[in-house]
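The values are calculated or read from the model by the stated rules, or taken from the named source; none is laboratory data. Keep in mind that this is a model prediction, so the values were computed, not measured. Cβ atoms come from the backbone with ideal geometry, glycine included; neighbour counts cover every protein chain shown. For the accessible areas, the whole protein counts, side chains as well, though only heavy atoms, and no ligand, DNA or RNA atoms are used. Shrake-Rupley method; radii C 1.70, N 1.55, O 1.52, S 1.80 Å.
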Amino acid sequence: MYDFVLFGNLLPVLAAEVGWAPAQSTAVNTWVTAGTALVAFAVGPLVDRIGRRKGILISVIGAAIASLLTAVAGWAVGIVGGIGVVLLILVRSAAGLGYAEQSVNAAYLNELFAHAYADPAKARRRGLIYSLVQSGWPIGSVLAAASIYLLFPVGGWALCFVVAAFPAIFIVIAGRWLKESPQFEAHRHANTNGSPSPRPSGESRCARPW
């Protein structure tokens, strides 16, 4: 959400800097929106193949890298014109990984809670955990607005996007302790061995794997 709000708020600034007319700016934004949708749709099948844990890491880190490359692509627009515009659209389309992360989180949390269904205490915290995940969107909006206020006078629009890449460092570190969901592990085991795997301990018989 931080990256999304940044691009929406700073696109007029970038357009004014490179001399885009309003129609050109709208066209770029339309292509970027279509590109992010395609990337977001592609993440679902990918996560079904590589796992929820890797999907979370790839989506968050990919979005952070796309934010960093937005600064490079913005400079390229001013130097090489049309080629830079294509590069900017491709980079911003890759930011669709960040939008897809919410759906990956939903699948991951659903499977974790299905595994912990037998523990009433854990089941009761489901609403709290989901609300914490959803709160990332408004928090990201506030942080983006604050960063523009603080960073734009120092380094312009490009610095705002560069700073957005730093959370990827913490995600890589935290990913060392992030476990794969029991359902995906069971599914992968069944596909590898050609036979159903044992039900993970503690999982309710009523819980569905997908």
Problem - Elements of type helices (runs of 4 or more DSSP H) contained in the range 19-127, each with 2 or more residues being open to solvent by less than 80 Å² (accessible area, probe 1.4 Å), modelled with pLDDT of 80 or more and closer than 26 Å to HIS187 by Cβ - result: 22-50, 52-80, 96-115
Fill in the blank from the handout: Expected single match for at pLDDT 80 or above and either open to solvent by less than 60 Å² (accessible area, probe 1.4 Å) or closer than 23 Å to LEU6 by Cβ (or both) among VAL172, VAL162, VAL133 is VAL162
